[in-house]
1. In nm, what is the difference between 0.36 nm times the number of residues separating ASP86 and THR126 and their Cα-Cα distance?
2. Can you give me the distance in nm between label points at ASP73 and GLN133, each placed 7 Å from the Cα along the Cα-to-Cβ direction?
Amino acid sequence: MHTNVKKIIYSVLSLVVALAIVQACGNQQPQQAEQVSVQTDTTNADNCSNTITDPNNTKPMALNMRHMAAQADSIKTKLKNGLQVDSLLHPFVPFYLSEPTDPNVLEPKFFDNAKLYREAYVNLMTAKGDQVQAYNAMIGACINCHQSYCSGPLKRIRKLTM
Ligand code: HEC
């Protein structure tokens, strides 16, 4: 009899704890969603993903671009500290093979720009000695394409120049 009462108390207690955990986790979600939209609200422009009106539908090309921007930022930091970068640590991202937000961007001019960017990337990764000039040329190729497509992040990309 005594053990039965204990069992009931234990199961009620563990149910309360479980409910508390579920509630605590549920409460965190709106906060996280808010953070994401604040971080990415610079890209609301032509041919770009719009993370404000469509936060759950970010296309692969937009994700690749975010990765490339983060990569450029860490390359810049390394060069500032006098370090060399290479393509093993910073692999090329074939973004032009991925699905964009606006399929109309996939025109010859876009692929010409992508090719120039790729050449600038290869030049940077194979540059001997000081890589700063080659790095700036690569960021120049990002800027060139963004002057025709998705001008929203231009300001942010210009800041990547050394
Ligand atoms: C050949 C053209 C081209 C090149 C080169 C290019 N971009 Fe982009 N970029 C785009 C297009 C198009 C989009 C929109 C992608 C989408 O929404 O699917 C974009 C989107 C972005 C975004 C916004 C992503 C988001 O959050 O939605 C950033 C940031 C960005 N590019 C940075 C860069 C950087 C940094 C480089 C160079 C390292 C670069 N881009 C090179 C065409 C280009």
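1. Values: separation 40, 0.36 × 40 = 14.40 nm, distance 0.75 nm.
Going from the current span to full extension adds 13.7 nm.
2. Here the modelled spin labels are 2.9 nm apart.
Each value in this text was obtained by applying a stated rule to the coordinates, not by laboratory testing. Quantities reported herein were computed from a predicted structural model and do not represent experimental measurements. A quick note on method: Cβ atoms are made from the backbone with ideal geometry, for glycine too, and the neighbour counts reach across all protein chains shown.
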